[in-house]
Amino acid sequence: MSLPDPEHDCISLATFRRNGTEVRTPVWFVVSDGKVWVFTLLGTWKVKRLRRDPRVRFAPCNSSGRRILGPWSEGQARLDEAPERVEWLRKAYKAKYTWQYFLIVQVLYRLLGRHGPGLAIEITQTA
């Protein structure tokens, strides 16, 4: 198992419901200092699941999440709401995703009403 190639656009992030069912979500990511970082909004279901169970699985995928492009890895997630960490991750996303970040996050999400406080998800690979 290894960290996803930073050249990939998305990973499928699997979090777990109370009954153990896996929920996969395609997300953008950044690799830094041997960890995978994901930005999300505070009230999302993945955050609620991670607060209860920090165990995750992740694998590179296409943008819809339907096609897995590499091996699955196991990890532990830690939620980081520190403003400086969230701002660092926003800048890293802007640098990696450039025009897509602007179009999707700055324009589309605001039109859809998907904005508000965000947080960083720090994923440390296990096993």
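Throughout, read-outs are computed from the coordinates displayed, never taken from laboratory work. Treat the numbers as computed from the prediction; the structure is a model and nothing was measured. Here the Cβ is made from the backbone with ideal geometry for all residues, glycine too, and neighbour counts use every protein chain on show.
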Can you give the net charge of the other residues whose Cβ lies under 13 Å from the Cβ of residue 18, counting K and R as +1 and D and E as -1?
+4
From the helices alone, meaning DSSP H stretches of at least four residues, give me the mean residue ellipticity at 222 nm for the chain, per-run term -39500 (n - 2.57), in deg cm²/dmol to the nearest 500.
-7000 deg cm²/dmol
Just to be sure I follow: if Rg is taken over the C-alpha atoms of the chain and Rh is the Kirkwood radius over the same atoms, what is Rg/Rh?
0.93
Enumerate the amide H contacts of residue 69 below 5 Å, restricted to partners 5 or more residues apart or on another chain; note that Pro and chain-start residues carry no placed amide H.
61, 62
